[in-house]
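Read-outs: derived from the displayed coordinates by stated rules, not from any lab. In this text, all values refer to a predicted model and were calculated from it rather than measured experimentally. Here the Cβ positions follow ideal geometry from the backbone for every residue, glycine too, while neighbour counts run over all protein chains shown.
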Amino acid sequence: MELVSGETIDELIQAQTHIWDHMFYFIKSMSLKCAVQLGISDAINSHGKPMTLSELVSALSVHPTKTQHLYRLMRLLIHSGFFALQKVADDHSQEGYFLTPASRLLLKDNPFGSSPLITLVLDPILTEPYNCMSTWFQNDDPSAFVTAFGETMWEKSSRESGFNRLLNASMGGDSSLIGKAVIIKCKEVFEGLNSLVDVAGGTGNMAKAIADAFPDLKCTVFDQPHVVADLQGSKNLNFLGGDMFKAVPPADAILLKWTLHDWRDEECVKILKNCKEALVTRNDKQGGKVIIIDMVVGDQDDDDKFTETKLLFDIEGMSCLVGKQRNEKEWANLFFSAGFSKYKINPVLGPRALIEVYP
């Protein structure tokens, strides 16, 4: 019996192409990493106008024999939306590369830059767990990271200063960007507060954005002692070392930015209970709340244009940590299990939402 007919051959070819596309997704990631390592965005930006291939080769000190190879790399990066082409002003026979909004986030001096996060996520330390994923599914290790290295990511970061710096730097650019976005899109969330604690706030970029926007708001960045040991506060911002699983400093509001997705439900409930206790100790006025910035996976994925982003982050959390991206029901279960009475989700931060949770 003929297994392939004229009616099915196109479907098979499409299916094969679909497999190829996904099989080679890693090439898109590694090409982006190469662009960051070569400093392509910075070279084009410094040029000040569309940059021809030969000019880019010269600026990057690319070996002349690799000129056409760089052209092929740029062709893929253009297709992926990181760069664009236009005619060169003084020579319309040539085209030059220029930056897109995405490649501007690759500039080294961009305070909202994504290069550190790209470097972290595509570092061999965080890619190796994926080689162990099938093995992990068949053992009882908490994550594929543990299967790969015999310790958790947090244990590794506390032992290896270079990896810890990479981890903190990767969060810094994102915190600067999302901090600015929150002030622009959700500024009312912080109005009327006298004090705020940014739990697991890292190097403090998120808290700095809030502190700058609200000079009378006392902001505290609360993180592990080795994270904040060498950080200096200023004006209405200070740093405090501690353990969020033991206690959280009291404040009008507690901020958890991109934190809870790293942890299991039981650990999240523990953190949230400590946050609630920190609010309960403030008896002088009403209105205390926990502010969460994290992803909410939609139940109707077809209507969510950020679904793939959220699902990819979910697998990253599963493989390298022990957490997950949650849907609204899962978030609500955490809040109510921790003793909170109500919450409000404001999905205005792209793939992430700002969630206000009230005692």
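Things to note:
- Contact order, relative form, for the range 115-358: 17 percent (alpha carbon pairs under 8 Å, 6 or more residues apart, mean separation divided by residue count).
- Packing, as the average of other Cβ atoms within 10 Å across residues, places the peptides 37-47, 11-21 in the order 37-47, 11-21, highest first.
- Rounded to 0.05, the FRET efficiency of the S234 and T52 pair, given R0 = 51 Å and the Cβ-Cβ distance, is 0.70.
- Separation of the T127 and T65 label points, Cα + 7 Å toward Cβ, nm: 2.4
- Note on A84/I315: beta-carbon distance plugged into 1/(1 + (r/R0)^6) with R0 of 30 Å gives a FRET efficiency of 0.50.
- Fully extended contour minus Cα-Cα distance, from T307 to E266, at 0.36 nm per residue: 12.2 nm
- Most mobile of D304, D262, D212 in a GNM of the chain (Cα contacts under 10 Å): D304
- Largest GNM mean-square fluctuation across P116, P124, P250, computed for the chain with C-alpha springs under 10 Å, falls on P124.
- Gyration tensor (alpha-carbon) shape descriptor, the range 1-147, a/c threshold 1.5: oblate
- Among L217, A278, M244 the positive-end extreme of the charge dipole of the range 115-358 (Cβ point charges): L217
- Relative contact order (%) - criterion: Cα under 8 Å, at least six apart; region: the range 1-146: 19
- Antiparallel bridge percentage (DSSP; both residues within the chain; nearest 5): 50
- Over the chain, dividing the summed -39,500 (n - 2.57) contributions of all DSSP H runs of at least 4 residues by the number of residues returns a 222 nm mean residue ellipticity of -14000 deg cm²/dmol.
- For the listed residue pairs K270/K342; K289/K324; K185/K273, the alpha carbons are over 26 angstrom apart in K185/K273.
- Residues Q37 and D212, FRET efficiency given R0 of 22 Å [Cβ-Cβ distance, rounded to 0.05]: 0.10
- Averaging the Cα positions of each part gives two centres, and for the range 193-237 and the range 71-137 these lie 31 Å apart.
- Here the Gaussian network model covers the chain, with springs between Cα atoms less than 10 Å apart; of R104, R72, R264, R72 fluctuates the most.
- One entry in [x] 71, 65, 40; [y] 75, 64, 41; [z] 70, 50, 42 is Cα extents along the principal axes in Å calculated from the shown coordinates; its label is [x].
- Phi angles of the range 15-20 translate, via the Karplus equation with coefficients 6.51, -1.76, 1.60 and θ = phi - 60°, into HN-Hα couplings of 5, 5, 5, 4, 5, 4 Hz per residue; Gly and Pro are given as x.
- Here the simple spin-label model places points 7 Å from the Cα toward Cβ, and for A15 and S134 these points are separated by 2.0 nm.
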